[in-house]
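The numbers here are math on the coordinates, done by the rules we state, and not lab data. As the structure is a computational prediction, the values presented were derived from the model and not from experiment. Here Cβ is always computed from backbone atoms with ideal geometry, including for glycine, and neighbour counts include all displayed protein chains.
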């Protein structure tokens, strides 16, 4: 018994020539019931490695027995992938207006609260889940049909979210600029940190800033909290969303894609999506931070930078992070100065260009991290 | 007795060569006390006409007698003015990360509330105003000295706001893409609509979305409301901020700049900033809308567009707004289609390029507008 | 008897998602023999008005009787049309490497000379023409199959040229930045100046700089000269190419498109492509210059510019062309200075943005022009 | 006795705010006569490592005894360094018009020929050299003062060339996209290949394509050839120019900069610019190719690419260069295909982004290379 794979294309935009721009949608359907999984990659156009991860997932899943359904959408942003500015891809935001491609998903706390009012104390969790899922899907459809229209990024986000809203597990595959592997995990699903093979985990609260992972878990988390407060009993709808950062942008590597696909398969196996022998998470050190301890270091100066600390390095307070060249002072000691770590930290990523203006995000770093086990 | 003009330069950023980037600050000081006025232009780098307006203001004010002080900062964004992408200026957002240059000013409602707690019922309004102004300036300075630094746009905004925070009247000079004159006015200062010479006025509520006008009036408005609620008597600190949209971007015109400088002088005259003969507002039709009736029309399709309705035109429901060419259907009736007005409206601006992707802001329009008098 | 229109699509590139990018090819076939005409538009992506001209041509030609064949390729550069950088279209050059989209057509003088060697004194002109056309088409095909590949712009150009090489008349439809109508005419076909309705004509010599019009006429012109020198008798193969500049980029206008389509129809009527009543050129003043008298005025300074002289204006030596604002000197007479005409001239176009760095092409102008009749 | 270092700044452009943009010029003057050396870096704005090399040169030369003069111009293109488009630097061409920043230097063969006419058979070589240098400097000054002005890139190039024209040795420091060290050497100075520490050398003929190295040696080479032909005796004016490609763009590394500065010092020591103990070139394998065997491999397809062959690798015919992902075919064998080497080759550089359109320069490679010794 093999998995059946079907492929379709979904139109998500039209370009200035009036041509449709679409995304491929691969559906892997198991013969047994099970969770629905939604995985997309490259919502930021330069973050292409997730496409290889999906490729490797498909190769691996062809020979596996699946419970439920796995929906895969590689290259989910056909606009962002194709805006070149010089040799690189201007993939992080809409080049027309600067809108981040990953900030237009739907969430509205008031709509959750309104729904919660319709729940009765003895309505079974499954029934609530089914009703809420449909309700939320309708909200997205409503939003998409706004009479005055919507911006390009938001249209794209909502069309993807119409697929994702049906899933129990949503994985959004990203890359950092120059980056090591790290993953964003909602605090209420902390145990997932031990089920993926990511050395660095960021735990995020129930706050919505526009991204797909938040748009996935915030409604359910809010609903759970709300019902628990009303009926004084716990609810768990088991819907989760994660953002996986799997290395550096502008690069693909087939062998690393296999490593990440294995990490995802391990998680899916633990969640009952794969039948057969359970996969065991790799034994490795896993470190975690609260989102509030995941810091961005901005520069106060402009100049040319050597990034001395590499993503993943453990840097002690006072050690050199970066060395800066000042081209107007090469004949005196001010020709070069060092930027030092303000506290113990681990860089997750750094800016991908040596040339920085003042106010550049030089590093994003773990501070006050703890070991997970 | 002539006005004295002093000029200085304020560093607001450093470029990748490590060179300082600064803005010119012109100060016109009157011999009599009076309001402080702050006027800046070109925070969006392609919106350059405000620089000519400031030029014309200086020419006119040289021969006027001023009460108080007028601070003028033309070309207030030296980064945005100088990013070219093709022949045009990529001036609306930071080209590195897409951050809108006009969304990083400081506002924090909780800080207003905390301050309000320190006010006693019998503290005179003047004393409250002085204390709050200093308190707010300190908040901005605190923010600027964040230990991990701040992004470029926010650093720029806050340095400008350090100048603006001292003013009673703040004017932020902008342009639309292809645009007619319109002005954003806080609802609580509605009477200003009759003191400028703008045919189109948008009245905005006490909501902060990051722009300078909002960052100017939201703290004072909130403080007023808060004190009124606490002490059950009205407060009016007379601090106002406006965004003036004076025509199209990428263009300067000296004669039009004179018209707009006259409009501003008229307002300043009415507010007691200019001594001598009061200036009378031009007799003209003025129309107003609530911000919620100022609509954006997005496209659902991509293509090439003729903008049939011009900014300022009165368009009836069903009349043609735009005509779209579909290059793949030139041999049949689908080669061209029309976009019609969904209701009676007046376009304020339209997109500046014929080539649009789906989700483009085609027009921003007045609906349900009323005549002011 | 109506004209039959067939439509096909030709793949000219693949994007980074691996999808084909194609151009529409409309063919209007007459029942009688006659010249072959090739017309393309928008090789520079922001120059979109030619697409409307082709639309209007098709509307008009539907009801005409054609001799020969007319091939129409609107929006012939699907890459350039769709690169946005801010609200405008970055359509003039490949954003990856800066290559002008209109400089990669094929021409090789040595190949013409080699062909000329194969001609015998008594070979009829028609036979030479047929042989040379095939020879040249083969050269283009050879070039396209270079074993190490070719750059994107060149691949695009050569694929279009494979269509154009079969034509007797090639029209390449362009726009200037902010521009009035003008046309490039090869000196050896000067009489065409009176057959189109263009007020401004630039006569160009037999020099190849990469554009389609040159790539069309240079081979035939060179061949004619070469054979005439060898055999001491005139040859005329009647193959011509023109670049038509029909107003400003970033704009489409259906009514103006009708005017230009009428101008083209008039020319085609005169060349025997249209049966029925001959169309008469409009009575109007036509001015001509040699290419060497078509001058570009570059700035030595940077600043913000009001373009006082409009395209088409007749400007006397010493009159004001432009007024420049200097934002650091608004308080003194250096705050504004004027740029004056170095000689009598007519601007054809000016830079489309008020903001210019030093070395910007401010104006392109006719000098030492003459009246044609 | 120490070297004296003087620093000045040369204005090379003005930005749209009307501010001067300048380059630092460091001059190291020896007490003894000797060659004049000119070294610049970062004419392509993203190629920043040369600035570190100049930093390291200055550190080393501070303690050396120099014969002659060494002129150092780091960051010689203040425009190109500061155009950001996304996180990267759009440094290779003028963002307004696509003009490559390294193609506008002056050369005019006819001017060399005209000068050669003024030489008499018995004029000493030194006198010819001095006269020609002055003549050529005057030509550049003439060009710079063109009555209609010049484009920005050309103005910048000519101002730098005014410094370089006085030098006997000109080094232009560059980087490739993702690149290994290689150097362009004029064929007539082939022996230099053994005096630098570059593993890969490209020998170029006496052809001018606009770059600084060519603009340096083409006039002298042409003059030598011309005089030799006229007077039937050899001339050698010993003026040379090189382009050094020292690794990848967008990156600086202080330790690698020391390696390259040592390579340059070794060459200068061999040319008599440094007194004291002569420096010996590193013992290493050096490979050379003729420019015509330095090939560019363009793609025929678009897609996402893993660059399997690294710069510097020796790749046999038929071995895998790159692996391409096709996101629409992930469920079948066409999901991934390989690009193989068409012959034995060594990649010098590859494209820096995984995402490529058709017609992208995938690799530049050595073919038919030989070992030098």
Gyration tensor verdict on the range D:154-247 (Cα atoms; rounded if a/c is under 1.5, prolate if a/b is larger than b/c, oblate otherwise): oblate
The range A:288-316-the range B:300-337 distance, computed between alpha-carbon centres (Å): 50 Å
Label geometry 7 Å along the beta-carbon vector: residue A:209 inter-copy distances in nm: 2.1, 4.6, 5.1
Per-copy distances of the residue C:138 label point, shortest first, in nm (7 angstrom along Cα→Cβ): 5.3, 7.1, 8.8
Gaussian network model of chain D, Cα within-10 Å springs - most flexible of D:342, D:35, D:78: D:342
Using alpha-carbon coordinates, inclination of helix B:212-231 to the longest axis of chain B, degrees: 60 degrees
Pairwise centroid distance, computed over Cα atoms, of the range C:114-155 with the range C:232-264, Å: 25 Å
Cα-projected label distance for residue D:109 with residue C:138, points at 7 Å along beta-carbon direction, nm: 3.0 nm
Teacher prompt: residue D:29 distances to equivalent labels in other copies, 7 Å Cα→Cβ, nm: 4.5, 8.0, 8.5
Per-residue mean of C-beta atoms belonging to partner chains within 10 Å, peptide D:58-70: 1
Closest Cβ on chain C to the rotation axis that carries it onto D (distance rounded to whole Å): C:98, 2
Evaluated over chain D, the Cα radius of gyration and Dmax, each in Å: 21.8, 78
Between the range D:159-196 and the range B:195-219, the Cα center-to-center distance that results, in Å: 58 Å
Rounded FRET efficiency, nearest 0.05, which uses the C-beta distance separating residue A:118 from residue B:338 and R0 of 45 Å: 0.55
Stokes-Einstein diffusion coefficient of the protein assembly as shown, Kirkwood radius over Cα pairs, 20 °C, 1.002 mPa s, in µm²/s: 61 µm²/s
Principal axes of the range C:293-371: Cα extent on each, largest first, Å: 46, 20, 17
Highest-fluctuation residue, B:166, B:62, B:190 considered, GNM on chain B with Cα pairs under 10 Å: B:62
Folded to 0 to 90 degrees: helix D:254-270 orientation relative to chain D principal axis, Cα: 40 degrees
Candidates A:240, A:12, A:324, ranked by Gaussian network fluctuation over chain A, Cα under 10 Å, top entry: A:324
Label-point gap, in nm, between residue B:291 and residue C:209 - each point 7 angstrom along Cα→Cβ: 5.1 nm
Value of [θ]222 nm, deg cm²/dmol, for chain A, DSSP H segments ≥ 4, -39500 (n - 2.57) each, nearest 500: -8000 deg cm²/dmol
Within the protein assembly as shown, percent of DSSP bridges classed antiparallel, to nearest 5: 65 percent
Percent antiparallel among DSSP beta bridges (both partners in chain B, rounded to 5): 65 percent
Cα→Cβ-extended label distance, 7 Å offset, between residue D:231 and residue C:317, nm: 4.5 nm
Helix axis angle, C:152-164 relative to chain C longest principal axis, alpha carbon, degrees: 50 degrees
